[in-house]
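Since every read-out is calculated from the coordinates, none of them should be taken as a lab result. All values reported here derive from a predicted model rather than from experimental measurement. With ideal geometry, Cβ positions are generated from the backbone for all residues, glycine too; neighbour counts draw on all protein chains shown.
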Amino acid sequence: MHCQPHQHRSVYIWLNNNQTCLLCDEPAETDTPLCTACETDLPWLGDQCMTCALPLPAAGLTCGDCQRNPPAFEQVVAPWSYGFPVDSLITRFKHNAKWPFGNLMGEVLGQFLQHRFDEDLPRPDALLPVPLADKRLRQRGFNQAAMLARWLGKRLDLPCEEHLLRRIQDTDAQQALDAKARKRNLRNAFNLLPQANVRGRHLALVDDVLTTGATAQALARLLVDAGATRVDVYCLARTPKPGDAA
C-alpha cells in the first residue's frame with residue numbers, strides 16, 4: 001500500500017502551471033500560487049528566541065527556558081507564527097489532505113531557508129522528517145513532515161533521509177498536553193534504525209509546527225547521543241507562549 005501521494009499526480013502538475021493565489025484567487029505574480037498581497041499579510045515571525053524561535057519582544061535574545069535548559073538542537077528556523085491563515089492552511093494540509101496548501105507552504109519555507117543559507121545559516125547534510133507511528137500513519141494515509149521534507153529536499157538540493165528515525169510508541173496526541181506532559185508522553189517514543197549513520201553529521205529535523213519543542217528535543221537528543229555534531233529544526237510555524245497573543 002502506498003500511503004504517501006505520488007509526486008506526479010495532477011495536483012503537482014497543476015501547481016507548476018500559471019497560478020492564481022490559493023488564498024484569494026487573484027492572479028499570482030510568480031510560479032508560486034501566492035500573490036504579493038497575501039504573502040505580505042501572512043503572520044511572519046518577527047523578533048524571536050535565537051535558539052527555539054519563540055516570539056519575543058526584542059531581537060537578539062534567548063528565552064528563559066533555553067537559558068535554563070539548553071536544548072539538544074542548535075536552532076529552530078520557521079518563517080511564521082502559528083496564526084491565521086497559516087494555522088488554517090496547516091490544519092487543512094495535515095488533517096484534510098489538502099496537499100496544494102502544504103506544497104505552497106513548503107515552497108515558501110524553501111525560499112526562506114535558501115535566503116538564510118545565503119546569509120549565515122549552515123547547510124545541513126540531510127533532512128530528517130519527524131516520524132509518525134505506524135497506526136497514525138495508516139489512519140492519516142500520509143506523513144505531512146515527510147512530504148515537507150521531500151519538497152524541501154528537491155528545492156534545496158538536500159537529501160531527504162526518511163527512514164533513519166522511527167516512532168516506536170503510538171503516544172497520545174500532543175495537542176491536548178502541557179509542556180511537562182508532552183515530555184513524559186515522548187519518553188522512549190523514538191529510536192534510530194540499526195543501520196542509521198549519523199555520527200559526525202549536521203542534520204535538520206523537519207516538521208509542520210513547533211509548540212513546546214518536546215518532540216524536537218527528544219529527537220535531537222537521540223541524534224546527538226548517537227554522534228550527530230549539530231541538529232537544527234525546520235518547521236512552517238512556531239506557536240507563541242501560552243497566554244501570549246498569536
* Structure fact -> Counting lysine pairs in region 43-238 that sit 8 or more positions apart or on different chains, with Cα atoms under 29 Å apart, gives 9
* Cut-off under 5 Å, modelled amide H: who pairs with Phe190 long-range -> Ile168
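So if R0 is 22 Å, what FRET efficiency would Ala59 and Asp118 give, r being the distance between their Cβ atoms, rounded to the nearest 0.05?
Computed FRET efficiency for Ala59 and Asp118 comes out at 0.65.
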* Structure fact -> Counting only residues 5 or more apart in sequence or on a different chain, those whose built amide H sits under 5 Å from that of Leu22 are Leu34, Cys35
* To do: Scan around Ala196 for amide H atoms under 5 Å from its own, H built in the peptide plane at 1.01 Å from N, and keep only partners 5 or more places away or cross-chain.
  => none
* What fraction, in whole percent, of alpha-carbon pairs in region 43-238 exceed 22 Å separation? -> 45
* **Isotropic mean projected area of the C-alpha convex hull, region 6-133 (nm²)** => 10.1
